[in-house]
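Colleague: Please read through the structure below; I'll follow up with questions.
Here, each number is a calculation from the coordinates, and none is a lab measurement. Because the structure is predicted, anything quoted here is derived from the model rather than measured. Glycine also receives a Cβ, built like all others from the backbone with ideal geometry; neighbour counts cover every protein chain displayed.
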Amino acid sequence: MAKEHNDEMPDWSAYRGVLIVVEQRAGAAKKVSWQLLGEGRKLAAKLEVPLMALVLGEHVAHLAEEAVQYGADRVYLCEAPELRDYRTRPYSRVCLKLIEEAKPEIVLFGATATGRDLAGAIATHLPTGLTADTTQLDVEPPPSRLLLASRPAFSEKMMATILCKQYRPQMATARAGVFQALPKDMAREGEIIRMDCPMREEEIAAQVLDFLRETGKLNLEEAEIIVAGGRGLGGPDAFGLLAELADALGGVVGASRAAVDAGWITHEHQVGQTGATVRPKLYIAVGISGAVQHTVGMSGADVVVAINRDANAPIFQFAHYGIVGDLFKLVPALTQAIKERRQLFGVKAPEHARQAQTQAADADARERSEAK
């Protein structure tokens, strides 16, 4: 006799609260952690539960205080020499211990290399479901309390909303730059709870001997100014004009999928559903039509400036300022004007931005040369 399928959800009433795992390196938090606290605040309000955060590392008590200032009601702090550098086993053991004791119904991580690794390890041990690379988060109101974790699917052509009905906690990793951090409130108060690391160094097989930082690597998600080019540039050489403008502004160069697919610039520059999701202070879109695939990746920018010869280009619907004209005349003129104003007021572009921009441009040139 066939066993009847039971659609009733188990009793998860012991699981309450939203937990954000704060990612840090060398004592500095990743921006995605504060962005997730901002989104977690909305989820916690809908569920009428506390917003919690977990901070792991060595000498990171200041980050626990920051987590409170960015919206957390309660912060669990685990400081130990074993947690100085990220390693899957000790970090996952701390998370598993906290989940067992605090019983959050939702746990969120940044969709970074570290966040993906840690979330996957935890989900396997619990076990529970894990939605990767989400770009939208919401919850159903009680009694279901289900996390609605949405992400692009089917070659980015549609959004899929994934539910975890039978297990707790509900877990997801979220892309950087998608959500907005709350303003930092220095007067905000919250509870900070210290916890012990459950592992000693001799129990950890992996050792970190050194950490090699890759200099010059482009990081669109952290950039405050982005100058992006699209199909309207007509070829790879025009990206040199954008690099000069980005250099004058202290920003970096981005690109649309069309420009990347054409081989004009490498994929690390791509903004959009299949590239990076960014939230800069200034986004200049040059020769970009404004397809949905691209705009979902940059619509969170504080200010968008569009330069396009087509007055009917969809990008102007997203732009705060639009310039209709020939980019080959407008971009050099804009670059020159910015250089003159910098010189007039004695303001230099940030050194790190200039170095990263130059090295990224050199890498692109080498790659195109090797391809030929």
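Colleague: Kindly rank 32-41, 191-200 from highest to lowest mean number of other beta carbons found within 10 Å of each residue.
Modeller: 32-41, 191-200
Colleague: Sorting check: for 71-82, 166-177, which peptide has the highest mean count of neighbouring beta carbons within 10 Å, and how do the rest follow?
Modeller: With the highest mean Cβ count within 10 Å placed first, the list reads 166-177, 71-82.
Colleague: Might you report the magnitude of the Cβ-based charge dipole of the chain about its Cα centre, with Lys and Arg at +1 and Asp and Glu at -1, to the nearest 20 debye? Kindly include the intermediate steps, with their values, before the conclusion.
Modeller: On the way: 42 positive and 48 negative charges, 141 e Å.
Rounded to the nearest 20 debye, it is 680 debye.
Colleague: How much mean residue ellipticity at 222 nm does the chain get from its helices, if each DSSP H run of length 4 or more adds -39500 (n - 2.57) and you divide by all residues, to the nearest 500 deg cm²/dmol?
Modeller: Result for the chain, helices only: -9500 deg cm²/dmol.
Colleague: What trypsin sites (Lys or Arg not before Pro) does segment 254-355 have in DSSP loop regions with at most 14 other beta carbons within 10 Å?
Modeller: Within segment 254-355, the qualifying trypsin sites (Lys or Arg not before Pro) (loop, at most 14 other Cβ atoms within 10 Å) are Lys281, Arg309, Lys348.
Colleague: Let me ask something else about it. For the cross-link pairs Lys30/Lys103; Lys42/Lys184; Lys30/Lys339; Lys31/Lys165, which exceed 21 Å when the distance is taken from alpha carbon to alpha carbon?
Modeller: With Cα atoms farther than 21 Å apart: Lys30/Lys103; Lys30/Lys339; Lys31/Lys165.
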